[in-house]
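A short worksheet on the structure shown next.
The values are calculated or read from the model by the stated rules, or taken from the named source; none is laboratory data. Model, not experiment: these values are computed from the prediction. Don't worry about glycine lacking a Cβ; one is built from the backbone with ideal geometry, like all the others, and counts go over all protein chains shown.
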Amino acid sequence: MKREALSKLTTVEEVLELVAEFDREAHGFYVELIPQVSKSIRYIVEDLALTRLEHIRKISALAKSDDMRDHLKDAIMRPEADRKFSDAVQTPELMENPDDQGVLQFALARVQLAIEEYADLAANTPPGPFHEVFSYLANEESKHKSDLEALYYEIVHSGGV
Amino acid sequence: MGSLRDVLSPFTAWKHVIETPVTIKNPIGREAADRYRGFHQNDTDKCIGCGSCEDICQNAAIDMIPVDNPKDGDSGLRPQIDYGRCCWCALCVDVCMTGSLTMSNEYTWVDSDPDAFRFIPGVDKMPWDDFEKGYERQGDRMLSGLTRPEMAELEPEARIGNFDEIVAGYSREQAVLEADRCVECGLCVATCPAHMDIPDYIAAIREGDYDLGTQILYETNPFSEVCGRVCTHKCETVCAAQYEGEPIAIRWLKRHIIDNVSEERRLEIVGTPQVLPTGQKVAVVGAGPAGLTAAYDLARSGHAVTVFEAQDKPGGMMRYGIPEYRLPYDALDRDIAVIKAQGVEIKTGTRIGTDITLDQLKADYDATVLSIGLHLGRSTRVPGSDAPGVEAAIDLLRRITAGEEVPVPKKVAVIGGGNVAMDIARSMARLQKQKFGEVGVTVTALEDFDHFLADKEEVTESFEEGIEILDARGPQEIVTFKSGKRKGHVKGLRTWKVTSIFDEQGRFTPQYDEGDEMVHEVEMVVEAIGQMADISLLGDELTEALEWNRGRIAVDADGHTSEPWLWGGGDAVHGPDVIHAVADGHKIAASVNVALMAKAEAEK
Amino acid sequence: MFSFQPDRSQYPDVGPDGKFEIDLETGKFLKLWHGPNHPGITGNMSVELTVNGDEVVEGYTHVGYLHRGFEKLMERRTFIQVFPIVCRVCVPEPDFNEYCYAAAVEELAGIEVPEEANWIRTLILEMGRFNSYMMAMGGIAGALGNGVIGQWMTYVRDLMLDRFEELTGARIYHMFILPGGVRAGLPEGFEARMEEVLQTAERYLDDVEKVLFTNAVFKKRTKGVGYIDPKLFESYGVTGPNARAGGVAKDVRKDSPYLVYDQLSFEVPVEQDSDIWARSIVRYRDLRLTIDLIRQILAKMPKGGEVMTSLPNVLHWKIPRGETYIKGESSRGEYGYYLVTDGSGYPRRVNVRGPSYTHAMALLEHLIPGTNIADVAALMVSLHTYPPEIER
Amino acid sequence: MRDLIEKLTPRYTLGNATYQRADLTFVDVTRDELRALLLELRDKEGFTHLVLLTAVDWIEEGKFQLTYMINNREADQTLGLRLYIDRNDAEGDTIHDIWPTAATYQRELREMFGIAFPGSPRVDEEFILEGWTDMPPYRRDFDTLAYSQQTYVEREGRETHDPRATMKHKMYPEG
């Protein structure tokens, strides 16, 4: 879905604006989810919403910056590896009365999808500003995934006494 | 006498007239010998401020001066030396626990200000700070022992077929030898969550005064028998003795004290509450270390304490989580007996939410303490993790303790690398040994042995007992039978090799090698990756009313929750650790006590 | 009393109670304080002389100028804390204190010392003896006006201090022999540098022989002067070179071998005349022997092994109740430590038995009457006494 | 040495023999037999050398231990005779006529421990201490630290800190 909409755009600014729009949707989704989960685990959903908000700010700032392409290139130069740690546990649908682990499993699946879409777009775009911006976005989502996996490890794999 | 030779011979002295003078023209700046004992040097990063140098100085030339904030294992103090007193004997260098203190071979220094000769080596910069030459002791320190006496343990063959306690405990001779090594710096006290008076009770062992030792233990910890066996002994990680040699076996010494005092004597030493009953009532939910410690303190303050425990016996995770071979139940019972002797009532088999609600407690008691522990096992939730034949470690351990029948197949895989994983692996191995005469347990852990979560001795002992531990393997799927009689049942565990798990900063950044895939054929998979608290007993309303802190009930420094009537502590609040739970119990009791006194005052 | 100069004046009169009748009011007698500012180089000690003209009729030793209560201070220090202060009992030859104390503690605490440490201890004790005799040579020459020998000996002693410095890390108070062993093995190339010092010493000692012992004045002033009747040796506790100068081959190294002396070959030098000359020459010969012993030790000793035993935690080291006495042959005679322990972490009592205690007190006071004022210094120095070990 | 102790035992009250080393023995003796014993040991058994004479203060037991250490050089044997005397009425018997040098030891014991030796030459003259007015300083109850604190002034500017207390103060003041 993202892919289709994004591939029609003609300027990098437009791409970034649309991505920000996607993030706004995602942010809205998590904000709505907050009261639906137990208060004990709301911090996770709050964090997820906040992350999206930060992403929106980052992209807006990027779109406005004069040396945007330098930033992009700079970011792509240091690609984030896909860790695959959570691939076996991602769930595309949010379970009913989700617990902390469930929320993370779902969030991981979403971010995984985004990575794949951006990566695919980048792969199908010739070198140039568009390729760079898609690679950049894929990389950003990978970083996010990596953060989520670290949290997942901390919460689920606490080791025990 | 009087020969001519005797008159002439002395004149040979004149030949020295033409010799070059041997006097050094300028003695300031003459370089001393390589191992000369001159002004001190201190590697302040290595120094831990233990003060052994000050203790040994027979001239009282050394003061410990704060130069930084203290942190775990470092008092932040550094030795200042008064060279008006120093006799350059270098005992401070010899006794130094870390080897940070040395002496340069610089000894010539002129200054008209006498106070200049009182400075903190390494902190007050001096020209000789980087001198290579000078006195440093040869080899390890010789002025206090380096190694622990070896603890007698059951041999693997003798222990694998039963749940007998493995560790024998120190004999008097061993304990005295070990207690002797302590330099009484007290750096460990800050790190111990309960701030036990470790140097003092070790001193009591040296003196052979076990009554005093017991008294000291009970001032900070009513679970010395338990902690003497299974404490996470964070104290030992900051022990000054560890820098050259082994840290003091603080945990075993604690146990040694309790081992040497009979149950009756212990009750006599501890005694019963010495205050008038306050008439106030406190409910404690959960008879684990946090709850029972709070109950002990509160009862000794004169309050009527009732502890509600869902299981059939008190002890919480100490009983139902820790296998008997590490902590025999009668040891735990002895600790609890002392607590009960304070008049604490423990209602076992009473589950909150089912048998009685928190609302009732709120209404019936002046204060409620929530210390529920972490009794739910986490699941990996990899595909197949809900299949029959997949068990939660914590659940299995509880069932083993309760004497329930648990399935014992020939081949078992355990997922997890913490102490719980070791506990269930070793418990299952024992059951297998009893049933089949052989052990068939494979543990797969995400972490490699360099970053292993379980204690080293757990890993060593597991290996000794014939358990296979595969480090750095990530679970991908629990494979099940696709057809046949056992369709849907566990068939094996599929794992990938983890090539790295943490980056240099210690951040979790796993890397898999998908090419290195293994399928461990087993009939049972036990997930032992982590636990969580069963907070369902709070109910929606209370859950909503309470403040939370990243998944755990938020409490202030005193263990008080956002609800005025409710305190919380122990594993469910601060993560799994017996001694931390004990510390929580003390804090909560103190806070409850203050609140109840205020309440009584208000009601007057 | 006027035992060795019978041709002296008849003053003072002996009273009916057998004591001298000395009445200063008569103007016949004069009090002369010899010291305490280094009479000779024996340290801060003084002799209160009563003189009649040039003749000394009575002399009393006064000590206390150096008293710091060492034995008492030791009682309030832990066993390891005593270690740095014992050496201070004797400046010129401090190492006997370290050895005797360490050996006493080791015996009562049941500690074994590595073999190599015993060799190094022996080496150090002989190096200390070397230095002490250098001072004694310079001292006796100086007391009789031959100051240049004092300067030579000080120079040679300084070279040995350099060796002490590189071996022990200090020049005067070495604080090197501690209970359990010694602090370190020999430094690289030590033997060669020591040999250089020994050869220099031998060259200077050859000169000493020419300038001091082949010297009409020295002979005149020392032969037959300051005679000690060997019969007095036992009753006055005379040991060491002072006894060896009178034909009694007393030497703890031979009589009761300690450390590794049973593995060294040597003959104890003995003289017969028991006068200042004999005491000087016996020391001179003993110094030559010391040089030989140092060579023997360096040639025979094991090297590169352990030199220190691991001790119990010294910060709370307790030693069971007991008592012992450890002795050795210092340059002045029998040096010993009497250590009493009571099971606590502190010594109950430490008593230092220094040879000067008997030599400079009862013996000197016995020898002084009848001498000339000018001979008192030579007499004192010839007994080779170090006041700190009297008053400790 | 066991032989000698056994030989003397019928005639002297010897107690608590400690064979510390092959060449060192300690034994308890009584005051009334000390003189005879010392003479016999000196004149018949070759213990001609008085090594030392000193005291040990067993204040808890109300006793001073006088140690007469004598040596037989030929046999390479040292014998420490322990004589316990009442600390409150501390008096010993002089042996300066047996060993003249003992007078010095006795004078020191008089000064440092307050043990009287009637008849010993110049025993009451000051020996090491001059103008001393306090109790005999080698008695255990003389506190050297207190004395020095009363007598001398400490140089300003010294202050030390206990590691454990510092950590408590900074890290867990409430605990």
Among (1) in contact (Cβ under 8 Å) with a residue 24 or more places away in the chain; (2) outside any loop (DSSP other than H, G, I, E, B); (3) in contact with a Phe, Trp or Tyr (Cβ under 9 Å, 6 or more places away or on another chain), the one test that residue D:99 misses: (2)
Does residue A:12 satisfy the condition of being away from every other protein chain (no Cβ under 14 Å), among the β-branched types (Val, Ile, Thr) and touching a Pro at 6+ places or on another chain (Cβ under 7 Å)? yes
Of the residues B:102, B:108, B:98, which is of a type in the set (S, T, N, Q), out of contact with any Asp or Glu (no Cβ under 6 Å at 6 or more places or on another chain), closer than 21 Å to residue B:185 by Cβ and not in a helix (DSSP H, G or I)? B:98
Among the residues of region B:427-434, is there at least one that is surrounded by fewer than 19 Cβ atoms within 10 Å (Cβ to Cβ) and free of Cβ contacts under 8 Å to residues at least 12 places away in the same chain? no
Which condition number does residue B:553 fail, the rest of (1) closer than 22 Å to residue B:218 by Cβ; (2) buried (at least 24 other Cβ atoms within 10 Å of the Cβ); (3) not charged (D, E, K, R) being met? (1)
May I ask you to verify whether residue C:170 is within 14 Å of chain B (Cβ to nearest Cβ), buried (at least 24 other Cβ atoms within 10 Å of the Cβ) and part of a loop (DSSP other than H, G, I, E, B)? yes
Looking for something within 14 Å of chain B (Cβ to nearest Cβ), buried (at least 23 other Cβ atoms within 10 Å of the Cβ) and either under 18 Å from residue C:125 (Cα atoms) or touching a helix residue (DSSP H, G or I) at 6+ places or on another chain (Cβ under 7 Å) (or both) - is there at least one such residue anywhere in region C:42-55? no
Tell me which strands (runs of 3 or more DSSP E) are completely within region B:475-587 and hold 2 or more residues being in contact with a strand residue (DSSP E or B) (Cβ under 6 Å, 6 or more places away or on another chain) and either charged (D, E, K, R) or closer than 30 Å to residue B:282 by Cα (or both), or say none if there are none. B:490-502, B:508-521, B:566-568
Selection within region B:512-536 - over 19 Å from residue A:153 (Cβ atoms), over 28 Å from the mean Cα position of the chain (by Cα) and crowded, with 19+ Cβ neighbours inside 10 Å: B:520, B:522, B:524, B:525
Mind checking which residues of region B:187-241 are assigned to a loop (DSSP other than H, G, I, E, B) and either outside the structural domain of residue B:165 (by TED's automatic domain parsing) or over 19 Å from residue D:172 (Cα atoms) (or both)? B:208, B:209, B:222, B:223, B:231, B:232
Please find, within region B:1-39, the residue that is farthest from the other protein chains (Cβ to nearest Cβ) out of those that are loosely packed, with under 10 Cβ neighbours inside 10 Å and among the hydrophobic types (A, V, I, L, M, F, W, C). B:28
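Does residue C:250 meet the test of being over 25 Å from residue C:300 (Cα atoms), modelled with pLDDT under 95 and among the basic types (Lys, Arg)?
Yes, satisfied.
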Going by what's in this entry, would residue C:348 be described as more than 14 Å from chain B (Cβ to nearest Cβ), outside any strand (DSSP E or B), charged (D, E, K, R) and out of contact with any Leu (no Cβ under 7 Å at 6 or more places or on another chain)? no
Select, from C:226, C:246, the only residue that is in a loop (DSSP other than H, G, I, E, B), surrounded by 17 or more Cβ atoms within 10 Å (Cβ to Cβ) and without any contact (Cβ under 8 Å) to a residue 60 or more places away in the chain. C:246
Residue identified as within 9 Å of another protein chain (Cβ to nearest Cβ) and either surrounded by 22 or more Cβ atoms within 10 Å (Cβ to Cβ) or touching a residue at least 12 places away in the same chain (Cβ under 8 Å) (or both) among B:540, B:577: B:577
What pairs come up if the first residue lies in region B:507-536 and is within 15 Å of residue B:377 (Cβ to Cβ), the second is acidic (Asp, Glu), and their beta carbons are under 7 Å apart, counting only those six or more places apart or on different chains? B:524/B:391; B:526/B:391
Restricting region C:59-85 to residues that are within 11 Å of chain B (Cβ to nearest Cβ) and without any contact (Cβ under 8 Å) to a residue 24 or more places away in the chain, the residue that is surrounded by the most Cβ atoms within 10 Å (Cβ to Cβ): C:81
Which residue is farthest from the other protein chains (Cβ to nearest Cβ), if the candidates are limited to region D:132-158 and must be part of a loop (DSSP other than H, G, I, E, B), without any contact (Cβ under 8 Å) to a residue 12 or more places away in the chain and among the hydrophobic types (A, V, I, L, M, F, W, C)? D:153
Could you tell me which residue of region B:369-398 is farthest from the other protein chains (Cβ to nearest Cβ), considering only residues that are buried (at least 24 other Cβ atoms within 10 Å of the Cβ) and of a type in the set (Val, Ile, Thr)? B:369
Taking region B:114-148 and the residues there that are of a type in the set (A, V, I, L, M) and more than 29 Å from residue C:315 (Cα to Cα), the one that is nearest to the other protein chains (Cβ to nearest Cβ) would be B:116
Of all residues making up region C:229-239, the number that are in a helix (DSSP H, G or I) and within 8 Å of another protein chain (Cβ to nearest Cβ): 2
Conditions (1) touching a Leu at 6+ places or on another chain (Cβ under 9 Å); (2) assigned to a helix (DSSP H, G or I); (3) under 30 Å from residue C:267 (Cα atoms) -> residue C:289 fails only (1)
Region D:50-76, residues that are facing chain C (nearest Cβ under 9 Å), touching a Ser or Thr at 6+ places or on another chain (Cβ under 8 Å) and assigned to a strand (DSSP E or B): D:50, D:51, D:52, D:54, D:55, D:56, D:67, D:69, D:71
Give the residues of region C:308-341 that are at the interface with another protein chain (Cβ under 8 Å from one of its Cβ atoms) and in a loop (DSSP other than H, G, I, E, B), sorted by residue number. C:309, C:310, C:311, C:312, C:313
Within region D:22-40, count every residue that is more than 22 Å from residue D:115 (Cβ to Cβ), surrounded by 13 or more Cβ atoms within 10 Å (Cβ to Cβ) and within 13 Å of another protein chain (Cβ to nearest Cβ). 3
Here are the criteria: (1) more than 30 Å from residue C:230 (Cα to Cα); (2) hydrophobic (A, V, I, L, M, F, W, C); (3) in a helix (DSSP H, G or I). Tell me which single one residue C:362 does not satisfy. (1)
